[in-house]
Number of protein chains: 2
Amino acid sequence: MTSPDEPVAWLSDQERAAWMAILAMTMTLPSALDAQLKRDAGINTFEYHILAALSESPTRSLQMSQLAVFAQGSLSRLSHAVGRLERSGWVRRQPSAHDGRHTEALLTPAGWDKIQQIAPGHVREVRRLLIDLLSPTQLADLGATSRLVVGTTAPESAHLLDTGLPPGI
Amino acid sequence: MTSPDEPVAWLSDQERAAWMAILAMTMTLPSALDAQLKRDAGINTFEYHILAALSESPTRSLQMSQLAVFAQGSLSRLSHAVGRLERSGWVRRQPSAHDGRHTEALLTPAGWDKIQQIAPGHVREVRRLLIDLLSPTQLADLGATSRLVVGTTAPESAHLLDTGLPPGI
DNA sequence: CATGATTGGTTGAACGTTCAAGTCACACTA
DNA sequence: TAGTGTGACTTGAACGTTCAACCAATCATG
């Protein structure tokens, strides 16, 4: 709970103004992208990232635990989401041949078609809502600042941003 | 759906790197703040902003529709959330005296105590996860960039960021 | 001054996420 | 080689959000 010993520095006017804007951005940008995907593809952002991650793997498959890191979600959330994608016929699951504890998720041909079909629309929306609004420098700065923040909010996935791989691979 | 006429410019390496980091930030920062509030105060971010907005009003009360703008949520979401806060004894609702269509939400004494008690912890977390990591310039830049993005993702609430008031007030 | 439209808000069902438990395969250890 | 532990998932219930009705009060029009 609140520790009364060390007093809290409230936000200055400038800090508050910046924080309000940042808060609004972190609330509206993800949901705007989510809305586009739901509308045009019938899936949400998390499911999109699952399909995208699988499609970028050379084998079009990944272990569930690796996929969870790439898609930035808990294993439980992933398990439910892959269940839905499986029911739609875009993903299959099978126990790993080498280690019966692992489960491999793999993109079906239909899933491959699906992601190929919807990716352009999604990228277009990312451009429209973010990238095309900013100069290359602004975008790079925003990226660098974000990386800094992620270093505190989610150190595990900060590593992913630097190397493109989960830690220990 | 995807309009095949105008080809999509895929992301460059720099754009992609920035976008991955920004995405990670927009996913992890809100949920980290949410976790702190749930843990220390038993409420979520949206409910926090409801209490905060009410506490900042001179009358400690707001119309539901105004409150929805300040707390950045739909009226339906607000109605459910205020219902929960009402059950906890922190908020009350009453029909407006002037216009029977309007409902006024008002902070109870217990609600006032609650927000006074939990605000410091929340601010401390905002500092820890964001503000203290950045230089004043970095923070201001991030704020300005965010404002720009919100101008496209949510033009209505962009106005709020400039004036501190909902449009038309 | 009726009546149709609009505004402000509520409700309930469907859906997705979280959380706590549970299962199963394999790895250690005595 | 039985027993204990651990890692990798899966499951189901609880909870919050969304979405599509719905209702009730007021406004505008003829």
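The values are calculated or read from the model by the stated rules, or taken from the named source; none is laboratory data. Remember, predicted model here, so these are calculated numbers, not experimental data. Cβ: placed from backbone, ideal geometry, glycine included. Neighbour counts: every protein chain shown. Ligands, DNA and RNA are stripped out before the accessible areas are found, and what is left, the full protein with its side chains, is counted by its heavy atoms. Shrake-Rupley method; radii C 1.70, N 1.55, O 1.52, S 1.80 Å.
What does the accessible area per residue of segment A:41-117 come to in Å², with a 1.4 Å probe and no ligands, DNA or RNA counted?
On the way: 3920 Å² over 77 residues.
Averaged over the residues of segment A:41-117, the accessible area is 51 Å².
So how strong a dipole does chain A carry about its Cα centre when Lys and Arg Cβ are +1 and Asp and Glu Cβ are -1, to the nearest 20 debye? Spell out each step's value before the answer.
Numbers: 15 positive and 17 negative charges, 161 e Å.
For chain A, the charge dipole is close to 780 debye.
Check cross-link reach from A:Lys114 to the lysines: straight Cα distance under 29 Å, and skip same-chain residues fewer than eight apart.
Of all the lysines, those that pass the test against A:Lys114 - Cα under 29 Å, at least 8 places apart if same chain - are A:Lys38.
Extending each Cα 7 Å along its Cβ direction at A:Leu75 and B:Arg87, get the distance between those two points in nm, one decimal.
In this crude label model, A:Leu75 to B:Arg87 measures out at 3.2 nm.
Share of segment B:42-118's accessible area from carbon and sulfur, percent, 1.4 Å? Before the final figure, lay out each step's value.
Working: 1930 of 3890 Å².
Taking all protein chains in place, segment B:42-118 shows 49 percent carbon and sulfur surface.
How big is the C-alpha Rg of the protein assembly as shown next to the rule-of-thumb value 2.2 N^0.38 Å, as a ratio? Could the numbers behind the result be given before it?
Numbers: Rg = 21.8 Å, N = 338, 2.2 N^0.38 = 20.1 Å.
Normalised by 2.2 N^0.38 Å, the Cα Rg of the protein assembly as shown equals 1.08.
Within segment A:6-49, find all residues whose amide N lies under 13 Å from a label point positioned 7 Å from the Cα of B:Ser135 along Cα-to-beta-carbon.
Answer for this model: none.
Let me confirm one metric for peptide B:116-127, namely the mean number of other chain beta-carbon atoms within 10 Å of its residues' beta-carbons.
Values: counts 1, 2, 2, 3, 8, 4, 2, 7, 6, 0, 6, 6.
For peptide B:116-127, the averaged partner shielding equals 4.
When the dipole is taken about the Cα centre of segment A:86-142, and only Lys, Arg (+1) and Asp, Glu (-1) are charged at their Cβ, what size is it in debye, to the nearest 20?
Details: 8 positive and 7 negative charges, 42 e Å.
Dipole of segment A:86-142, to the nearest 20 debye: 200 debye.
Rounded to whole angstrom, how close does the nearest chain A beta-carbon get to the axis mapping A onto B, and which residue is it?
Per the A/B rotation axis, the closest residue of A reads A:Thr26, 2.
Can you give me the C-alpha center-to-center distance between segment B:40-95 and segment A:103-161, rounded to a whole angstrom?
So the separation of the two Cα centres works out to 33 Å.
Rounded to a whole number of µm²/s, how large is the Stokes-Einstein D of segment A:89-153 at 4 °C and 1.567 mPa s, given Rh as the Kirkwood radius over C-alpha pairs? Mind showing how you got there, number by number?
Details: Rh = 15.3 Å.
The calculation lands on 85 µm²/s.
What are the ³J(HN,Hα) values, in whole Hz, obtained from phi via the Karplus relation 6.51 cos²θ - 1.76 cosθ + 1.60 with θ = phi - 60°, for each residue of segment B:36-46 in sequence order, with x given for Gly and Pro?
Each residue of segment B:36-46 in turn: 4, 5, 4, 5, 8, 10, x, 10, 9, 4, 4 Hz.
For B:Gln63, which inter-copy label distances result when the label point lies 7 Å beyond Cα on the Cα-to-Cβ vector, reported in nm to one decimal and in ascending order?
For B:Gln63, the inter-copy label distances come out at 5.8 nm.
On a full-extension model of 0.36 nm per residue, what is the gain between A:Gln63 and A:Arg16, subtracting their alpha-carbon distance, rounded to one decimal in nm?
Stretched fully, the A:Gln63-A:Arg16 segment lengthens by 12.7 nm.
Measure nothing but the geometry: give the 0 to 90° angle between the long axis through the Cα atoms of A:109-129 and the longest principal axis through the Cα atoms of chain A, rounded to 10°.
20
Counting only protein heavy atoms and rolling a 1.4 Å probe, how much accessible area do A and B lose on contact, total for both sides, in Å² to 100? Write down the numbers at each step before the final one.
Numbers: alone 11230 and 11210 Å², together 16770 Å².
Chains A and B together bury approximately 5700 Å².
Once the label point is placed 7 Å from Cα along Cβ, list for B:Pro109 the distances to the corresponding points in the other copies, in nm, shortest first.
7.3
Determine Rg/Rh for segment B:6-55; Rg is computed over alpha-carbon atoms and Rh is the Kirkwood hydrodynamic estimate from the same atoms. Working shown, then result.
Numbers: Rg = 17.1 Å, Rh = 13.3 Å.
Taking Rh as the inverse mean 1/r over Cα pairs, Rg/Rh reads 1.28.
Take peptide A:128-137, look around each residue's Cβ out to 10 angstrom, count Cβ atoms belonging to other protein chains, and average those counts. Working shown, then result.
Numbers: counts 2, 3, 10, 8, 2, 6, 5, 1, 4, 0.
Mean shielding count: 4.
Under a 5 Å amide H to amide H cut-off, with H placed in plane at 1.01 Å, what residues pair with A:Thr108 once short-range neighbours are removed?
A:Val91, A:Arg92
With +1 on each Lys and Arg Cβ and -1 on each Asp and Glu Cβ, and nothing else charged, work out how big the dipole of segment A:41-117 is about its Cα centre, in Debye to the nearest 20. The partial results should precede the final answer.
Working: 8 positive and 6 negative charges, 36 e Å.
In total the dipole reaches around 180 debye.
For B:Gly89, place a label point 7 Å from Cα along the Cα-to-Cβ direction in every copy; what are the distances to the other copies, in nm, shortest first?
5.6
Output needed: percent of Cα pairs per 10 Å distance bin for segment B:42-118, bins running from 0 to the one holding the longest distance.
Result returned by the calculation: 21, 61, 18, 1.
Based on the Cβ-Cβ distance of B:Gln94 and B:Arg39, what FRET efficiency does E = 1/(1 + (r/R0)^6) give at R0 = 35 Å, to the nearest 0.05? Could the numbers behind the result be given before it?
Values: r = 32 Å, r/R0 = 0.92.
My answer for the efficiency is 0.60.
Shape verdict for chain A, please, from the Cα gyration tensor: rounded (a/c under 1.5), prolate (a/b greater than b/c) or oblate.
Judged from the Cα gyration tensor, chain A comes out prolate (a/c at least 1.5, a/b above b/c).
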